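Structure first, commentary second.
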Amino acid sequence: MKTFFKTFLILSIGILISSCSKEGCTDPTAFNYNAEADSDDGSCDFEGCTDPMAANYDSNATISSECIYNQIGSWTSTFQEVNINVSMTLFGFPLFDTSTTESIHPDSLDPTGLDLINDGTMTIHYRNQPSENGTWLRTNDDLLMTLQDTSLLFTIDSVYGPFLRLYSYESQTTTDPSSGAEISYNYDLTWDLNRN
């Protein structure tokens, strides 16, 4: 009988102790931290960006928060559209005004891709020419690409996950010295790329 009471007493104390133990998330950096828990049950959730395409991707995050996307990475051209407008006036009277829009066929996109490296260097890949190295500098939404013989200024229209849209606009007006006619030239380019 003594053995029965000892066994009963030990089991009762064990049950009492285990019932006082509270399980939950014991990591104070977790989103669902429970200060009352004294036993970790593996339920901790961590807030952070869960999209691997984002600049601030957090592989430990289980609850997605704001993701930040940037232009760093390797990109493949998916769409290019060029709009050109040329007009000529003489003494304020229009002589001609013409516009054209050309969407480049996917098999003819050139450049074919772009690598923007974190250290400010870049490589542009062409279809039938060797790739060209240069540098880039981003100021707000302006992306200046400097190559061997030219500089290109683009506006980052949007960058989200695997998608980047660059936009460039140029306008120039000159006067023909022989006729006095004023020639205006407007050019814009939309360039869509997907992250590799």
Response to the item:
Dividing the helical contributions, -39500 (n - 2.57) per DSSP H run of n ≥ 4, by the residues of the chain yields a 222 nm value, nearest 500 deg cm²/dmol, of -3500 deg cm²/dmol
Worksheet item: For the range 63-91 and the range 99-132, what is the separation of their C-alpha centers, rounded to whole Å?
Response: 12
Worksheet item: Arranged from highest to lowest average of other beta-carbon atoms within 10 Å per residue, in what order do the peptides 170-180, 184-194, 56-66 appear?
Response: 184-194, 56-66, 170-180
Worksheet item: Put +1 on the Cβ of each Lys and Arg and -1 on the Cβ of each Asp and Glu in the chain; which of Phe79, Pro28, Ala181 then has its Cα farthest toward the positive end of the dipole?
Response: Pro28
Worksheet item: Against the longest alpha carbon principal axis of the chain, how many degrees, from 0 to 90 and to the nearest 10, is the axis of helix 2-20 turned?
Response: 20
Discussion item. Over the chain, what is the relative contact order in percent, taking alpha-carbon pairs closer than 8 angstrom and at least six residues apart?
Written reply: 17
Practice prompt. Quick one: give the max-minus-min coordinate of the C-alpha atoms of the chain along each principal axis, largest first, in Å.
Written response: 123, 38, 29
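We did not get these values from a lab; they are worked out from the coordinates using the rules stated. Remember, predicted model here, so these are calculated numbers, not experimental data. Virtual Cβ from ideal backbone geometry, glycine too; neighbours counted across all protein chains shown.
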